[in-house]
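Structure first, then comments.
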Amino acid sequence: SKKHKVTVVGSGNWGSTIAKIVAENTKAHPDVFEEDVQMWVYEEEVTIPKDSKNFDASADEPQKLTTIINKYHENVKYLPNILLPKNIIANPSVVDAVKDSTILVFNLPHQFIGRISKQLEGQILPFARGISCIKGVNVTSSEISLFSEWIGEGLGIYCGALSGANIANEIAAEKWSETTIAYDPPMIDSRAATPQGGSPSTSQINLTITPADDEHKDARGRVSKAKLKAVPSDYAPLDHAIFKMLFHRPYFHVRMVDDVAGVSLGGALKNIVALAAGFVDGRGWGDNAKAAVMRVGLLEMVKFGKEFFGHSVHAGTFTEESCGVADLITSCSGGRNFRCAKMAVERGVGVEEVEKTELNGQKLQGTSTAKEVNSFLKTRGKVDEYPLFKAVLDILEGRNSVDDIPDLVAKADD
Ligand code: NAD
Ligand code: 13P
């Protein structure tokens with residue numbers, strides 16, 4: 001049978017780590033996947049740091065990041081000191097990188113996906129499938145959608161989501177973690193709906209396309225049966241089993257679920273809460289205060305999911321899966337949003353300034369997500385019902401200080 005070709009769209013700290021995982025697995029399953037994995041790289045000139053094991057005095061000048069990755073198999077800027085598999089091919093052209101790929105893994109800071117997705121329209125295999133590893137939500141005026149939905153709709157494909165308690169540097173060093181992958185396509189391909197060795201899952205059978213919707217979208221904005229192209233039968237079906245094969249490693253344990261909204265929202269909203277955790281920690285208030293903002297934050301995350309994605313989200317995804325409370329805990333312990341917010345309070349400067357000076361080009365997602373989620377809540381007249389989300393934005397924009405947090409979140413109990 002034909003082999004699936006995989007492209008990772010993005011090559012930052014998490015993008016490079018996911019490419020490493022995927023490339024290890026394509027090599028381990030040569031009967032199912034093409035061994036080489038294309039990785040789209042936003043091209044830039046980079047000088048190899050002098051403390052890098054790949055430092056080469058003859059290459060002391062800035063070079064293209066793609067050249068460095070393909071020659072030294074290290075992303076010296078975004079994932080330094082990690083040897084990448086040789087079957088990762090860094091490609092500066094996103095259109096060329098996705099050519100003939102059946103599986104597209106989207107993994108870049110959410111502020112950049114719009115432009116990239118536009119460039120891909122009409123350039124991908126019509127029967128490709130996507131997995132979004134992006135932590136953020138897509139807000140346009142008074143509407144909100146998941147990036148998986150938005151990518152899927154824009155490209156005319158089905159896109160699932162991967163999210164978990166996944167600090168990239170730990171996983172790149174092959175320290176054990178868990179993750180959650182949600183994949184629940186409309187049932188156009190009976191092979192895809194049948195888990196290996198089992199019968200179709202209940203939720204897949206019951207996924208209904210509301211008749212009143214236009215023919216291209218279902219009620220959640222996903223590409224409908226009418227538009228979705230079946231994976232040709234000379235390829236292995238793109239189902240839960242194959243995505244587990246592609247992402248599961250001894251150090252990266254995958255649980256497959258159907259709740260794409262729950263998986264995506266956990267990863268997006270916890271970034272706002274992690275900023276609050278950083279604020280109170282930077283203020284020197286210790287672990288009890290941090291636990292308090294995590295408690296209130298989790299309640300707001302679940303409330304948000306139920307209120308705006310209630311027809312598809314399962315509250316259990318937030319409490320039972322890696323993408324929920326576990327991601328909240330890890331992000332509030334060692335994530336970049338937490339660390340930068342903490343440093344900002346300790347130094348008396350803005351979070352965006354710390355992002356610029358400390359992250360070497362990596363991007364925070366919590367600051368923009370706080371703005372986007374609050375602007376969406378405002379258009380719905382609901383902003384006061386989410387006092388922690390509001391407090392984070394008001395602190396970021398100087399309308400409140402960290403000292404106001406206890407009184408502000410007390411409103412959650414009113
Ligand atoms: P990152 O924070 O390392 O961001 C840097 C990346 O953005 C680089 O690849 C850079 O080339 C790219 N970039 C910069 N300017 C660009 C532009 N104008 N257009 C396109 N790309 C541009 O990225 P990351 O850590 O790989 O994060 C990607 C997603 O994964 C985010 O949504 C993040 O929340 C999520 N995530 C990150 C981690 C982590 O620990 N890093 C873990 C889980 C999930
Ligand atoms: P940060 O972007 O705050 O580092 O969070 C990483 C993450 O999503 C861990 O699961």
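Every number here is computed from the coordinates shown, using simple stated rules; none is lab data. For clarity, every value in this text was computed on a predicted model and none was experimentally measured. Don't worry about glycine lacking a Cβ; one is built from the backbone with ideal geometry, like all the others, and counts go over all protein chains shown.
The magnitude of the dipole of the chain, with charges of +1 and -1 set on the Cβ of Lys/Arg and Asp/Glu and taken from the Cα centre, is near 380 debye.
Of the DSSP beta bridges with both residues in the chain, give the percent that are antiparallel, rounding to the nearest 5.
On the way: 12 of 40 bridges.
That works out to approximately 30 percent antiparallel.
In terms of Cα to Cα distance under 20 Å, which aspartates and glutamates are near enough to LYS53, apart from those fewer than 8 places away along the same chain? Leaving aside aspartates and glutamates fewer than 8 places away in the same chain, those within reach of LYS53 are GLU45, GLU61, GLU74, GLU170, GLU174.
Take the alpha carbon atoms of segment 248-334, find their radius of gyration, then divide it by 2.2 N^0.38 Å using N residues; give the quotient. Don't skip to the answer; put the middle values down first.
Numbers: Rg = 13.6 Å, N = 87, 2.2 N^0.38 = 12.0 Å.
This ratio for segment 248-334 stands at 1.13.
Computed over the chain, the per-residue total of -39500 (n - 2.57) for DSSP H runs of n ≥ 4 gives a 222 nm mean residue ellipticity of -12500 deg cm²/dmol, rounded to 500.
Taken about its Cα centre, segment 297-414 carries a charge dipole of roughly 320 debye when the Cβ of each Lys and Arg holds +1 and the Cβ of each Asp and Glu holds -1. Around the amide H of TYR158, modelled in the peptide plane, lie the amide H atoms of GLY130, all under 5 Å away and 5 or more residues distant in sequence or on another chain. Distances between every pair of Cα atoms in the chain, grouped in 20 Å steps from 0 to the bin holding the largest one, split as 27, 57, 15, 0 percent.
Cα gyration tensor of segment 1-126, axes a ≥ b ≥ c as square roots of the eigenvalues: rounded (a/c below 1.5), prolate (a/b > b/c) or oblate?
Details: a/c = 2.23, a/b = 1.43, b/c = 1.56.
Oblate.
Of the residues ILE242, GLY286, LEU275, the one whose Cα sits farthest towards the positive end of the charge dipole of segment 242-287 is ILE242 (charges of +1 on Lys and Arg Cβ, -1 on Asp and Glu Cβ, taken about the Cα centre). Of the residues ILE144, SER52, THR66, the one whose Cα sits farthest towards the positive end of the charge dipole of segment 1-145 is ILE144 (charges of +1 on Lys and Arg Cβ, -1 on Asp and Glu Cβ, taken about the Cα centre). Expressed as a fraction of 2.2 N^0.38 Å, the C-alpha radius of gyration for segment 298-409 is 1.12.
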